[in-house]
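Colleague: Here it is, the structure in full.
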Amino acid sequence: MSEKTFAYSNSNDFSPDLFIKWITVDGERNLATLNLVPGDSVYGEKLVKIDKDEYRLWDPFRSKLAGSIKKGLKNIPLKIGSKVLYLGASTGTTVSHISDIVGNNGLVFAVESSVRVGRELIENVASKRSNIVPIIEDARKPNSYFSIFGRVNLLYCDIAQQDQTDIAIENCRMFLEDGGTMLLVIKTRSIDVTKDPKKVIEEEAQRLKDNGFKIHQILTLEPFDKDHGLIYCTFENR
Amino acid sequence: MVQNCSILVLELGIGILNDNKELILSKRFDDPVISYRAIKNGDYSEILEFIDSLRSFKNIFSNDEGLVFQLRNLGLDIYFMKEEHLKDIIENKLRYLILCKFSSNESDAIQSLRKFAIDFSSINVKNISQKLDLHVIQSINSLDELDKIINVIGSRMREWYGLHFPEMDHLIQNISTYAQIIRIAGKRENIVLDLLTNLGVEERRAEMIVDASKRSKGGDITDENLLIIKKLADEVINQTELRKILTIHVDSTMETIAPNVKDLLTASVGARIIAKAGSINKLAIMPASTIQILGAEKALFRALKTGARPPKHGILFQHPIIHSAPKWQRGKIARAVAAKVAIAARVDVYRNAEKVPILLETLNNRIMEIQQKYKEPTPKYIQNERQSRDRDRDSRPDHRYPPRRGGGFGSKYARKGGKKKNKRRFRD
């Protein structure tokens, strides 16, 4: 995957063959994705019709991926038909938008360990969207994942654990293709409440470098999420 | 000819392949979710019919660790697969599914896998939602909420009925009895001795109430208003009834799911600890130090951030033995209790709630030891108290201003916003 395929800047629109768009609603520029299940709003987001297509607005305060795109993520490593492993799917807010973007030929493996939110993930998102495979398992035990196959193009990790980086690396080793992308959300407060958030992000980035990742970009998610960062990296040598 | 073979446990069935990755035989699960779950839980009835045909192979490999263990006990030469082989199965799972004739093509395989994932996850969710500890968490939380509700409606009822019969307010403390009286008697003229004694009010007090009702300073009340107050009283009575049921329910559920934790902590504190931990299983893998301060997260993180003294106890403070102990013993007792609770939770989870009375015995011994050894305040405690008292005095705003002069209305030194209450230092 070359970077050019997805390159965009905040001012320009995405390439027209992607299922993601900037839409201006009431004078405000919003991210939006093409609704895979027209008429269905997953978490109360607005649906906007453009010509024949229906788009779902993507709230950067609800989804860290949208937040990081708004903050200028260089490159959104998703295209039609991508395979994604999503750790920490929660109720499926972000998962649903990724499912929109990869389309019916893509696939999202959504891992979530909590049964409580897993129930909502299955009911509201996974059972309605044919490209989502819900895996209610602990991300610490990638060996126990069921229904997963092959390697994925993108691994997205958003879990509130102290050893989140190690969990992500372990999952990358098992399931991410060579040169594949990882987006790692760093929850600095989960890693160490006493440390300066910036320092925590730096340390985690260093740990990724030591494990064969190439770091492309580090973002903080202010003002959308406090004390959160996002690392955009690729898996270079196994 | 003696050959090697591998047994693949896949989501849709079991396949046996030879070294050249050719299918020897396969069995499609009738109900993949049930069969796969059974195998992962150590039930190998699905595979038993293959055992005899497996005996002719020299080395057998499998991708399921539990299966390896079980079949080796049956005398087969079976090993857990090498990692590269395991990775190969995950990577080429679709091909294997087609090879074993579980699916006709790739997109069929993907659809079956997705269907399996949804069904399997749903069953997991269902099974966990049935667990009793989740219900005990809901019970204890609703118990706490009921207390609030009863208090709120109860005080409104007292306040309102007080317009009609203010003297009864301080004569009847129990909110439920108060509600019963309104419910049965209505207007104060109807309150008679028999009625009160039947409700369990002692005779002397009952006489005082009847007496007060005759020369009450309260105003008359319309039937309409009385009707609504009666409805409020009904609400109080109903909620109190529900509260009783809940208390008994929490007690009996705790007895079945966590008798040892209950023994050490009492049912309600035990249930609150489980609620805070999330489930009894989570509690069982917690270190005692975490259990000790469960519920005092705010104080703990403040301590971590600022270097202040860490909290001694969280929810455990509600344990009668801890909050009735002198301050300097509480930390020590909380530590001892937490340590035993950690063990008790593990027994409850991993030994199927078998009763272990020795836990409570040793805990009581230890507490007695603490009570004897630290009868007097420890020097460390006295020092800490002195320090925090000094800190309090320094930070009290009055000392930073010059002595008050007059302080009349509008004066520079007038207190703003009413008299400042001395803020109680609360360590949870």
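The values are calculated or read from the model by the stated rules, or taken from the named source; none is laboratory data. These numbers were taken from a predicted model, which means no experiment stands behind them. Glycine also receives a Cβ, built like all others from the backbone with ideal geometry; neighbour counts cover every protein chain displayed.
Colleague: May I ask you to verify whether B:GLU91 is over 17 Å from B:ARG28 (Cβ atoms), surrounded by 13 or more Cβ atoms within 10 Å (Cβ to Cβ) and among the charged types (D, E, K, R)?
Modeller: Spelling it out, B:GLU91 is indeed over 17 Å from B:ARG28 (Cβ atoms), surrounded by 13 or more Cβ atoms within 10 Å (Cβ to Cβ) and among the charged types (D, E, K, R).
Colleague: A:VAL95: part of a helix (DSSP H, G or I), more than 10 Å from every other protein chain (Cβ to nearest Cβ), within 18 Å of A:SER41 (Cα to Cα) and in contact with a Phe, Trp or Tyr (Cβ under 7 Å, 6 or more places away or on another chain), yes or no? Step through it out loud before you land on a result.
Modeller: Values: part of a helix (DSSP H, G or I): yes; more than 10 Å from every other protein chain (Cβ to nearest Cβ): yes; within 18 Å of A:SER41 (Cα to Cα): yes; in contact with a Phe, Trp or Tyr (Cβ under 7 Å, 6 or more places away or on another chain): yes.
For A:VAL95, the condition - part of a helix (DSSP H, G or I), more than 10 Å from every other protein chain (Cβ to nearest Cβ), within 18 Å of A:SER41 (Cα to Cα) and in contact with a Phe, Trp or Tyr (Cβ under 7 Å, 6 or more places away or on another chain) - is met.
Colleague: Between a residue in segment A:143-170 that is closer than 13 Å to B:LYS93 by Cβ and any residue that is among the small types (Gly, Ala, Ser), which pairs come within a Cβ distance under 6 Å, given they are 6 or more apart or on different chains?
Modeller: Listed by first residue and then by second, the contacts come to A:SER147/B:ALA117.
Colleague: Next up: Within segment A:127-164, how many residues turn out to be more than 13 Å from A:GLY88 (Cα to Cα), more than 10 Å from chain B (Cβ to nearest Cβ) and of a type outside the set (D, E, K, R)?
Modeller: The number of residues fulfilling the criteria is 4.
Colleague: Can you name the residue in segment A:111-126 that is surrounded by fewer than 24 Cβ atoms within 10 Å (Cβ to Cβ) and among the small types (Gly, Ala, Ser) and, of all such residues, is farthest from the other protein chains (Cβ to nearest Cβ)?
Modeller: Across segment A:111-126, the extreme among qualifying residues is A:SER113.
Colleague: Please determine whether any residue of segment A:143-155 is within 26 Å of B:VAL125 (Cβ to Cβ), in contact with a helix residue (DSSP H, G or I) (Cβ under 7 Å, 6 or more places away or on another chain) and outside any loop (DSSP other than H, G, I, E, B).
Modeller: Scanning segment A:143-155 turns up at least one residue that is within 26 Å of B:VAL125 (Cβ to Cβ), in contact with a helix residue (DSSP H, G or I) (Cβ under 7 Å, 6 or more places away or on another chain) and outside any loop (DSSP other than H, G, I, E, B).
Colleague: Among the numbered conditions (1) closer than 26 Å to A:ARG151 by Cα; (2) out of contact with any Lys or Arg (no Cβ under 7 Å at 6 or more places or on another chain); (3) among the hydrophobic types (A, V, I, L, M, F, W, C), tell me where B:PHE102 comes up short.
Modeller: The number of the failed condition is (2).
Colleague: Sticking with this structure for a sec: For segment B:79-111, how many residues meet the condition of being at the interface with chain A (Cβ under 9 Å from one of its Cβ atoms), of a type in the set (S, T, N, Q) and not in a loop (DSSP other than H, G, I, E, B)?
Modeller: So the count comes out to 1.
Colleague: Shifting gears a bit: Which residues, taken from segment B:42-73, are modelled with pLDDT under 85 and not in a helix (DSSP H, G or I)?
Modeller: Scanning segment B:42-73 gives B:GLY42, B:ASP43, B:TYR44, B:SER45, B:GLU46, B:ILE47, B:ARG55, B:SER56, B:PHE57, B:LYS58.
Colleague: Yes or no: B:LEU76 part of a loop (DSSP other than H, G, I, E, B) and either hydrophobic (A, V, I, L, M, F, W, C) or within 14 Å of another protein chain (Cβ to nearest Cβ) (or both)?
Modeller: yes
Colleague: Give me the pairs: first residue in segment B:62-79 and on the phi < 0 side of the Ramachandran plot, second residue assigned to a helix (DSSP H, G or I) and at pLDDT 90 or above, beta-carbon distance under 7 Å, and six or more apart or on different chains, which are they?
Modeller: Cβ pairs passing all conditions: B:ASN63/B:ILE89.
Colleague: Let me ask another. Restricting to segment B:311-341, and then to whatever is in a loop (DSSP other than H, G, I, E, B) and more than 14 Å from B:LEU265 (Cβ to Cβ), can you tell me which residue is farthest from the chain's Cα centre (by Cα)? Walk me through it before giving the result.
Modeller: Quick first cut of segment B:311-341, residues in a loop (DSSP other than H, G, I, E, B) only: B:311-314, B:319, B:324-326.
Now narrow it down to the ones that are more than 14 Å from B:LEU265 (Cβ to Cβ): B:311-312, B:324-326.
Working: B:PRO311: 20, B:LYS312: 20, B:SER324: 23, B:ALA325: 25, B:PRO326: 27 Å.
Checked segment B:311-341; the qualifying residue farthest from the chain's Cα centre (by Cα) is B:PRO326.
Colleague: On to the next question. Does A:ASN104 satisfy the criteria of being closer than 22 Å to A:GLU45 by Cα, more than 8 Å from chain B (Cβ to nearest Cβ), in contact (Cβ under 8 Å) with a residue 60 or more places away in the chain and assigned to a loop (DSSP other than H, G, I, E, B)?
Modeller: yes
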